[in-house]
1. Output the number of the condition that residue 127 fails; it satisfies all remaining conditions of (1) at pLDDT below 85; (2) part of a helix (DSSP H, G or I); (3) surrounded by fewer than 24 Cβ atoms within 10 Å (Cβ to Cβ).
2. Going through region 194-220 one residue at a time, which ones are out of contact with any helix residue (DSSP H, G or I) (no Cβ under 7 Å at 6 or more places or on another chain) and crowded, with 17+ Cβ neighbours inside 10 Å?
3. Note down all Cβ pairs under 9 Å where the first residue falls in region 221-240 and is on the phi > 0 side of the Ramachandran plot and buried (at least 19 other Cβ atoms within 10 Å of the Cβ), the second is assigned to a helix (DSSP H, G or I) and at pLDDT 90 or above, and they're at least six residues apart or on different chains.
């Protein structure tokens, strides 16, 4: 019993660390975008950098078995790379460049609500009443976030991109249902990063990228920092280390606990944005954010009852120890 409790405690620590690391991606990316990179270029750099680290790791840890699993499920992996990685991250960065980071990630985390709609109207599955309740709660919270009574004060493009990121996240969750038992999670993320970086090349136009941003000294957190250090943090800490910490966490925690802890990422992103960028949310945005998270969590747990393979524990996220179960995050 004591050993089991210790394992769960360690797993919870890894999960919290992973969520906090993921939560830092928005502020660090926004600093690079403010300095001259486009959101597409920041996303491309992050995804390519992650692929450069994760592909060798995949080859060492999975070898030919990993390559065979990638070959067997390549159509779904291509779709995953296009939506779950390239689409989700790029749209989130565009939203974060035009909205407060905290609001952007709240919009993205409405993905489970969209999955409920897909199960109900796309798959024609019976959806528990609790799922409909979760959707209603999330929509109410979203109305508070955008302060709809004031005529929607948020940037329209940013709002649409945030909701687009949620749609990509929802597609990602649905793909997990198809890939369960077919693709190893580490292989899925490594190959998806390769696909995402290739597809984003046509959008990011890296040959026009202001590479001097990486060597310039940029304002950050009321101080200055070299651009390359912000990029390194975005790639290594907010992606690779966050991914590996999440992998260690889900080996020790149940899906329900892991899914609940994943919502710490939203809080972490808002706090990072406040501390590093000076972004403040209004009272109603904070209140609405809490309501959105409550609704999304209710929807998530309800979806898991309908389709256990759809474990909506986060966006961009992580592998479990067993290959027949997948969890995800941004």
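1. Result: residue 127 fails condition (2) only.
2. The one that is out of contact with any helix residue (DSSP H, G or I) (no Cβ under 7 Å at 6 or more places or on another chain) and crowded, with 17+ Cβ neighbours inside 10 Å: 198.
3. none
The values are calculated or read from the model by the stated rules, or taken from the named source; none is laboratory data. What you see is a predicted model; the values in this text were computed from it and never measured. With ideal geometry, Cβ positions are generated from the backbone for all residues, glycine too; neighbour counts draw on all protein chains shown.
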